[in-house]
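The values are calculated or read from the model by the stated rules, or taken from the named source; none is laboratory data. Owing to the predicted nature of the structure, the values given are computational and were not obtained by experimental measurement. Every residue, glycine as well, gets a Cβ built from its backbone with ideal geometry; the counts of neighbours run over all protein chains shown. For accessibility, only protein heavy atoms count, side chains too; no ligands or nucleic acids. Shrake-Rupley method; radii C 1.70, N 1.55, O 1.52, S 1.80 Å.
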Amino acid sequence: MEQILGILPICLGFATPLILAALGALYSERSGVVNIAIEGIMMVGAFSAATVTVLLEPLFLGRAGFGNQLMALLTPWLALAVGSLAGIIYSSLHALASVNLKADQVISGTALNILAGGLTVFLCQIIFRQQRTAAFVVGLAKVDIPLLSGIPFLGRMLFRNINPVFYPALGLCVLSWFILARTPFGLRLRACGENPQAAASMGLSVARMRYWGVLISGGLAGLAGGAMVLSSDIQYTVISIHGTGFIAIACLIFGKWKPFGLLAAALFFGSSQVLSLYAKDIPFLSSLPREIFSLFPYALTIFALMLFSGKAVGPRAAGEIYDPGKR
């Protein structure tokens with residue numbers, strides 16, 4: 001029981017970037033644009049957040065004065081904001097290719113994934129003279145939620161030693177459900193992903209709504225990348241994201257393109273990642289080769305997609321190039 005209580009907050013931490021990235025993919029696909037580039041956008045967001053943290057931490061960390069202490073606390077959050085902004089800028093390339101140039105969305109997303117690896121390494125060479133960022137000191141430290149962390153049993157599971165982005169990610173799930181289901185903007189976005197010709201006949205700009213979907217997707221994926229590198233690493237490298245963006249897309253499919261569905265899927269896949277790290281400490285699993293558990297999250301992703309993707313129905317026009325003359 002003690003082991004489970006210790007592992008559960010780690011599961012929530014691993015699920016956090018999956019929740020944010022899957023929400024990003026949700027907005028894009030609901031608008032009708034398949035965003036395979038989630039992985040690459042996360043890499044750009046992670047690089048940007050790590051770079052800002054490395055550059056700002058020495059200016060404030062460990063220095064006396066209220067202003068310096070306040071800025072030291074705000075540095076990781078500023079880095080996350082920059083990572084999100086970088087994700088928005090990078091995702092605009094996908095929007096340009098998919099909406100304006102009418103390129104194949106899968107090819108465009110794949111190209112951006114490949115570009116992200118080379119681009120971030122190139123920028124690391126320019127800024128840090130190496131193929132990774134310099135190491136930061138603190139990053140995004142885990143926190144205890146005041147008062148709630150003292151609740152017997154439950155406090156240790158859910159409110160102690162928690163990734164501070166986890167609860168904002170939960171809030172974004174609720175907010176996304178409300179936006180997509182209850183607001184004019186959400187209904188228009190969904191209409192463009194289901195039947196763009198009908199939406200256009202009602203006076204909606206399909207191109208504008210799809211741009212919104214892709215840019216929101218980029219902001220959330222960039223935030224996910226920043227949250228991942230600042231909470232689970234000490235620097236950005238080209239393998240910092242290591243397929244998390246693709247697992248987030250699997251969460252979206254597994255969750256049937258619904259905010260709470262992808263939340264449950266992200267918690268499930270996040271737990272599978274933690275199991276791959278802590279299997280050696282579980283008696284009945286410790287005798288198995290560790291390589292099996294390194295493959296476990298990705299094998300589980302493939303298995304879940306094989307099992308459930310045929311039953312999941314996404315937006316009807318997702319991936320289709322919008323043709324105004326089509327009826």
Filter result for SER98 (part of a helix (DSSP H, G or I) and touching a Leu at 6+ places or on another chain (Cβ under 9 Å)): no
How about the range 257-279: which of its residues are open to solvent by 30 Å² or more (accessible area, probe 1.4 Å) and farther than 20 Å from SER232 by Cβ? LYS258, PHE260, ALA264
When both residues are 6+ apart or on different chains and their Cβ atoms are under 7 Å apart, which pairs have a first residue that lies in the range 157-182 and is over 19 Å from PRO9 (Cα atoms), and a second that is charged (D, E, K, R)? LEU180/ARG30; LEU180/ARG190
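Yes/no matrix, rows are residues, columns are (1) among the hydrophobic types (A, V, I, L, M, F, W, C); (2) under 21 Å from the mean Cα position of the chain (by Cα):
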| position | (1), (2) |
| --- | --- |
| PHE178 | yes, yes |
| ARG182 | no, no |
| SER205 | no, no |
| GLY213 | no, yes |
Of the residues SER48, SER31, only one is of a type in the set (Gly, Ala, Ser), buried (at least 24 other Cβ atoms within 10 Å of the Cβ), under 22 Å from GLY319 (Cβ atoms) and more than 14 Å from the chain's Cα centre (by Cα); which? SER31
Look through the range 191-209, keep the residues that are without any contact (Cβ under 8 Å) to a residue 24 or more places away in the chain and part of a loop (DSSP other than H, G, I, E, B), and return whichever of them is most open to solvent (accessible area, probe 1.4 Å). MET202
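So is TYR167 in a helix (DSSP H, G or I) and surrounded by 15 or more Cβ atoms within 10 Å (Cβ to Cβ) or not? Walk me through it before giving the result.
On the way: in a helix (DSSP H, G or I): yes; surrounded by 15 or more Cβ atoms within 10 Å (Cβ to Cβ): yes.
Spelling it out, TYR167 is indeed in a helix (DSSP H, G or I) and surrounded by 15 or more Cβ atoms within 10 Å (Cβ to Cβ).
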Residues in the range 85-99 that are touching a residue at least 24 places away in the same chain (Cβ under 8 Å) and either open to solvent by 30 Å² or more (accessible area, probe 1.4 Å) or of a type in the set (Lys, Arg) (or both) total 4
With the first residue restricted to the range 122-136 and required to be of a type outside the set (S, T, N, Q), and the second required to be in a loop (DSSP other than H, G, I, E, B) and open to solvent by less than 40 Å² (accessible area, probe 1.4 Å), Cβ contacts under 7 Å at 6 or more apart or on different chains are CYS124/THR133; PHE128/ALA134; ARG132/GLN235; ARG132/TYR236; ARG132/THR237; ALA134/GLN235; ALA135/GLN235; PHE136/GLN235
Within the range 100-151, count every residue that is open to solvent by 90 Å² or more (accessible area, probe 1.4 Å), within 23 Å of PRO168 (Cα to Cα) and within 21 Å of the chain's Cα centre (by Cα). 1
Taking the stated definitions as given, is PHE254 open to solvent by less than 50 Å² (accessible area, probe 1.4 Å), among the aromatic types (Phe, Trp, Tyr), over 28 Å from SER205 (Cα atoms) and modelled with pLDDT of 75 or more? no
Within the range 4-18, is even one residue open to solvent by 10 Å² or more (accessible area, probe 1.4 Å), part of a helix (DSSP H, G or I), touching a Gly at 6+ places or on another chain (Cβ under 6 Å) and not hydrophobic (A, V, I, L, M, F, W, C)? no
Filtering the range 201-221 down to residues that are of a type in the set (Gly, Ala, Ser), in contact with a helix residue (DSSP H, G or I) (Cβ under 7 Å, 6 or more places away or on another chain) and more than 20 Å from ALA103 (Cβ to Cβ) yields GLY219
Would you please name the residue that is nearest to LEU295 (Cα to Cα), looking only at residues in the range 234-251 that are over 13 Å from the mean Cα position of the chain (by Cα) and open to solvent by 60 Å² or more (accessible area, probe 1.4 Å)? ILE239
